Each structure stands twice: as C-alpha cells, then as structure tokens.
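Peer 1: Just dropping this structure here.
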Amino acid sequence: MLTGISVAFMGGDARQLEVIQKFTELDATVTLIGFDNLGRQFSGVSSAKLNPDLLQTVDVLILPAVGTDDSGQVESVFSTEELRLTGDHMASLPKHAKVYTGMAKSFLKKLCTEHNIELVELFERDDVAIYNSIPTAEGALMMAIQNTDITIHGSVCMVLGFGRTGFTMAKTLQGLGATVKVGVRKPEHFARAWEMGFQPFYTKDLYPEVGNIDLLFNTIPTMIVTAQVITNIPHRALIIDLASKPGGTDFRFAEKRGIKAMLAPGLPGIVAPKTAGRIMANTLSQLIEEDFKDRSDVE
C-alpha cells in the first residue's frame, strides 16, 4: 500500500492514466498537474496548477515516458497549457523526494543533480525494457504488414541488435515463419542467435548481408544503416527503425534511393497504451512501496 505517500503526476499520455488508477487503488495521495482537459474522473484525486509551493509536500514526482525536452518542457496530451519544469520547482521538493520518468534527457538529469534529487529512469531497468519489448514487437509487425504487399511468413527479415527488444523482435518474426537474420556485435550473442535457429552475422559485415532482405528492423541507437549499406538494400525492402531518436538509419539517403524507411520509437505508448501503462504502474508502485518501507524502517 502507498498510504500516506504524496504523489504528483505531471503531464503524460494515456499510459499515465493506468498508473494514476493503480496509485489511487493503493491509497496514495494523488495530485494531477497538466490534466485539465482530462475527461475521465478519478475518485479522491485532486488537480492543481504547476507552482513551486505545490511541490513542497510531494514525496514522489512522476513525469511522462520522456521526462522533459531540452528546455524543461513536459509534454501532456491532456492539457493545452505549457508545463515547464524549472530549478525553482526542483528546489521546492523535499530532499527525500524522488523523480520518476521513463527516460531522462540531459536537462532533467542536470536539474536533479543540481538540487540533489534522486532521479529514477524506468526504461533503464531490464524488467521494464523486456516487458515493453512485447508491444514494441507487435507494433513493428503492424507497421510492416501495413506497409508491404507480402506476408511475414516466408519473408527474409533482418534484426539489428540482439538486446531486449531485438531478442523479442527476432523471436516474434521467427514464430510467424520468417527467415530471420540477426546482426550482432558480441560472440555470445552470435552463439545464442545461432542456438535459437536464427541466421547470425556480425554487424561489421552488414553491407553484404542486406542484399536479399525484405524487412529490416533496427534496434541499435547509433548510425548503422548508413548510405553505403542502403545502396545494397533491395528497393522492395522496408526499414523500420525502433531505436530512440534520431535512430540508426540514414533516412535522407533512403528516401533519395526510393527505399521506405520509418522511424518508430515509443511504440508501446502508441499501439498498446493500456498494457504499457500497466507495466509502468506495477513497476513504479513496487519501487516506491519498497523505498518508503526502507525509509520508515530507518526512521
């Protein structure tokens, strides 16, 4: 239970609604900031405007999947008002307070460091990333089906990266009957991919490997699908880049060559916001409950 814990939600999308619901069920004291156009009502939840005084009694500040942009602006699909997190807001938080988000850009990291406030990034956790890889793979499949005239079954698919998302993506494609080539960097990933029945290769050999593919799914967040690589990709192929912005594909050159390439980060929140929200809600509630239990034990 989260009884007695004051939680402020600032901005977000449909995923946050699942988290809010979970926290109200666990008896947290919940305040919503930037939800003035929300049609749904939560019992026992209050709404407020963003101001430093409001944050003086907050134990937990929960921000959206991407905490802020590079100037401190917090996105909210449920408000037309600008939400901007500043040093004054952070200074108002009690020293024991924590800020939770999916991933933080340098602005938010610096702000928390300057005011000695602990920042927790959920997407850095293996469990959250693995859970999120499921709606990511499903969303990528949806995009592939919508943007091609072939079936996944019988196609030649390439997955770049064999981390948490790449692993699930490759397994899902294999389950649908595709031939799956997996680009890796580490020998242990090569061995595991081979053991699972994929066709592994090292990413340094990417250029010759793309010559016969129908679909390419990239999960590597550095430029890997370069202009040179794209010159050897068949015109029929579709590139779906799942890495965080700006992705790992030369989109300009792909367009110039007539190859369709799509950047698709954040698919869980787009294709399955309820599932993605429940993943965040369960992880957040467990983390906060454990943290405040530890503090009460010390006190």
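Peer 1: If one computes P(r) from the Cα atoms of segment 6-121, what percent of pairs lie at distances over 25 Å?
Peer 2: 12
Peer 1: Hey, what's segment 127-265 come to in accessible area per residue, 1.4 Å probe, Å²?
Peer 2: So segment 127-265 comes to 47 Å² accessible per residue, rounded to a whole number.
Peer 1: Under 5 Å between amide H atoms, partner at least 5 residues away or on a different chain: which partners does residue 263 have, H built in plane at 1.01 Å?
Peer 2: Under 5 Å from the amide H of residue 263 lie the amide H atoms of 241, each far enough along the sequence or on another chain.
Peer 1: Can you list, largest first and rounded to whole Å, the semi-axes you get for the chain by taking the square root of 5 times each eigenvalue of its Cα gyration tensor?
Peer 2: Here the semi-axes work out to 41, 19, 18 Å.
Peer 1: Specify the residue with the greatest mean-square fluctuation among 253, 35, 123, computed from a Gaussian network of the chain linking alpha-carbon atoms under 10 Å apart.
Peer 2: Taking springs between Cα atoms under 10 Å, the residue moving most is 253.
Peer 1: Between the helical axis of 273-298 and the dominant principal axis of the chain, each derived from Cα atoms, what acute angle in degrees is found, rounded to the nearest 10?
Peer 2: 50
Peer 1: Okay, next question. For the Cα atoms of the chain, what angle does the longest principal axis make with the long axis of helix 14-25, in degrees from 0 to 90, nearest 10?
Peer 2: For 14-25 against the chain, the angle is about 40 degrees.
Peer 1: Running a GNM on the chain with Cα contacts under 10 Å, which residue among 249, 113, 68 ends up with the highest mean-square fluctuation?
Peer 2: Highest fluctuation among the options: 113.
Peer 1: Report ³J(HN,Hα) in whole Hz for each residue of segment 190-199, in order, from the Karplus equation J = 6.51 cos²θ - 1.76 cosθ + 1.60 where θ = phi - 60°; Gly and Pro get x.
Peer 2: For segment 190-199, the Karplus-derived couplings read 4, 4, 5, 5, 5, 4, 8, x, 7, 10 Hz, x marking Gly and Pro.
Peer 1: Now, a different point. Counting only protein heavy atoms, what percent of the accessible surface of the chain is carbon or sulfur at a 1.4 Å probe?
Peer 2: With neighbouring chains kept in place, the figure for the chain is 51 percent.
Peer 1: Can you give me the relative contact order of the chain as a percent, contacts being Cα pairs under 8 Å and 6 or more apart?
Peer 2: 16 percent.
Peer 1: Could you state, as a whole-number percent, how many of the C-alpha pairs of segment 127-265 are farther apart than 28 Å?
Peer 2: Across segment 127-265, Cα pairs with separations above 28 Å total 7 percent.
Peer 1: What's the ranking of 259-270, 40-51 by average number of surrounding C-beta atoms within 10 Å, highest first?
Peer 2: In decreasing order of mean packing, 259-270, 40-51 become 259-270, 40-51.
The values are calculated or read from the model by the stated rules, or taken from the named source; none is laboratory data. Just so it is clear, the structure is predicted and the values come from calculations on it, not from any experiment. In this analysis, Cβ positions are derived from the backbone assuming ideal geometry, glycine residues included, and neighbour counts consider all displayed protein chains. Protein only, heavy atoms only, side chains kept; ligands, DNA and RNA dropped before computing areas. Shrake-Rupley method; radii C 1.70, N 1.55, O 1.52, S 1.80 Å.
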